[in-house]
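Bear in mind these aren't lab numbers, they're just calculated from the coordinates by the rules spelled out. Everything quoted here is computed from the prediction, not taken from an experiment. Reconstructed Cβ throughout: ideal geometry from the backbone, glycine too, with neighbour counts over all protein chains shown.
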Amino acid sequence: MGALDGKVALITGAGSGIGRATAERFAQEGASVFCVDIDTVGGEETAATVSGIFSRADTGDSDEVDAVFAECESKLGGVDIAFLNAGIAIGVANMTELSNELYTKIMRVNVDGVFYGARAAIRAMQRRGGGAIVATSSLAGLIPFQLDPVYDLTKHAVVGFIRSIAPTLVPLGITANTVNPGMTDTKIMTDETKALFEKVAFPLMPASQIADAVLSIVTTGRTGECWVCQPGRDAEPYHFHEVPGPRIKGASGRRPPGQEIGEWAMGSDG
Ligand SMILES: NC(=O)c1ccc[n+]([C@@H]2O[C@H](COP(=O)([O-])OP(=O)(O)OC[C@H]3O[C@@H](n4cnc5c(N)ncnc54)[C@H](O)[C@@H]3O)[C@@H](O)[C@H]2O)c1
């Protein structure tokens with residue numbers, strides 16, 4: 001028995017790196033895998049490896065994203081797992097040198113793509129009666145990353161978005177989490193970056209380590225979490241600090257209960 005027997009998983013960015021490794025891991029666990037990528041060659045290679053289906057889409061285009069979710073539903077019967085993983089880096093540290101074109105390009109894939117994918121996934125999973133969404137953020141979604149600040153911006157956006165939708169999806173039986181990998185040996189890293197890490201003997205993770213983490217995330221049933229992956233450690237959810245709450249009193253003379261307006265507004269009582 002595989003952990004994902006009978007499940008259908010749609011994976012974006014499945015043509016390479018973390019997406020490909022996760023497609024392989026999911027297939028080993030019995031899932032039917034629907035591979036999406038803008039790169040037809042890589043996407044078809046992955047689909048062939050996992051006996052899955054490939055469909056080309058640009059995740060920054062909402063019509064194309066809706067179309068691949070519809071195709072997955074019609075060909076495989078539904079969507080149980082959506083791994084919203086397609087992403088790019090731009091490696092521009094000096095903001096004065098960043099063109100509008102490059103800025104828009106990364107925002108489309110890394111932010112628009114996750115929103116379009118999550119929206120299509122929620123619609124499909126409502127028809128299915130539940131499901132699991134995992135979006136690939138990054139360690140750069142939790143810490144500063146001076147080498148590529150706009151990449152950092154997009155990955156923080158993914159963290160905030162997924163944590164914000166997760167509570168609203170609980171009644172629908174849909175979980176939403178992020179995976180936040182550190183440095184992983186894939187094509188997204190330039191040869192210069194890889195050489196730099198090699199020089200200081202900092203180990204890069206294999207993409208298979210992130211795939212294992214994604215499998216753990218979708219099988220726990222937990223939601224609203226951001227799972228950090230680092231070399232030599234098991235993946236684990238990041239613990240966010242509470243923000244300081246307001247120092248105000250309600251009509252009763254006591255701190256107003258958060259339930260009335262939402263715990264999110266309250267922060268810590270300290
Ligand atoms: N490799 C790392 O060190 C690392 C660390 C943290 C997060 N990540 C994230 O992991 C995810 C996967 O990246 P990877 O490391 O496997 O890199 P990768 O370059 O090997 O794979 C990315 C895949 O996304 C696809 N893609 C790019 N733009 C697309 C678009 N518009 N529509 C559809 N597909 C598109 C590419 O064709 C490629 O197949 C990305 O979101 C990346 O930001 C990577």
Okay, helix-only estimate at 222 nm for the chain: each DSSP H run of n ≥ 4 adds -39500 (n - 2.57), divide by all residues, round to 500 deg cm²/dmol; what do you get?
-> -12500 deg cm²/dmol
Separation of alpha-carbon centers, the range 193-223 and the range 13-40, rounded to whole Å | 16
For the chain: span of alpha carbons on each principal axis (Å, largest first) = 65, 47, 38
Just the C-alpha atoms of the range 163-218: what Rg/Rh do they give, with Rh taken as the Kirkwood radius?
-> 1.18
Mean shadow of the range 97-192, computed from the convex hull of its alpha carbons, in nm²?
-> 7.1
Which residues qualify? For GLU236, with a placed amide H closer than 5 Å and at least 5 residues away or on another chain, they are VAL228
In the structure displayed, which of LYS7/LYS155; LYS75/LYS187; LYS105/LYS155 lie more than 26 Å apart, Cα to Cα?
-> LYS7/LYS155; LYS75/LYS187
³J(HN,Hα) across the range 2-10 via Karplus (A = 6.51, B = -1.76, C = 1.60, θ = phi - 60°), whole Hz, x for Gly/Pro?
-> x, 5, 10, 3, x, 8, 10, 10, 9
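At 0.36 nm per residue, minus the direct Cα-Cα distance, what do THR190 and THR40 gain on full extension? Give it in nm, one decimal, please.
Computed gain between THR190 and THR40 is 51.9 nm.
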For ALA70 and LYS249, calculate 0.36 nm times their separation in residues minus their Cα-Cα distance, and state this gained length in nm to one decimal.
-> 59.4 nm
Per the 1/(1 + (r/R0)^6) rule, R0 = 30 Å and r from the Cβ atoms of HIS241 and TYR103, FRET efficiency to 0.05 is 0.50
If one builds a Gaussian network model of the chain from Cα atoms under 10 Å apart, the most fluctuating residue listed among LYS155, LYS187, LYS199 is LYS199
Please turn the phi angles of the range 114-121 into ³J(HN,Hα) values with the Karplus equation 6.51 cos²θ - 1.76 cosθ + 1.60 (θ = phi - 60°), one per residue in order, whole Hz, x for glycine and proline.
-> 6, 5, 4, x, 5, 4, 5, 5
Where a label projected 7 Å from the Cα of ARG119 along Cα→Cβ would reach, residues of the range 1-21 with amide N under 20 Å = 10-13
Please give the FRET efficiency for LYS199 paired with ASN94, using the beta carbon to beta carbon distance and R0 = 22 Å, rounded to the nearest 0.05.
-> 0.45
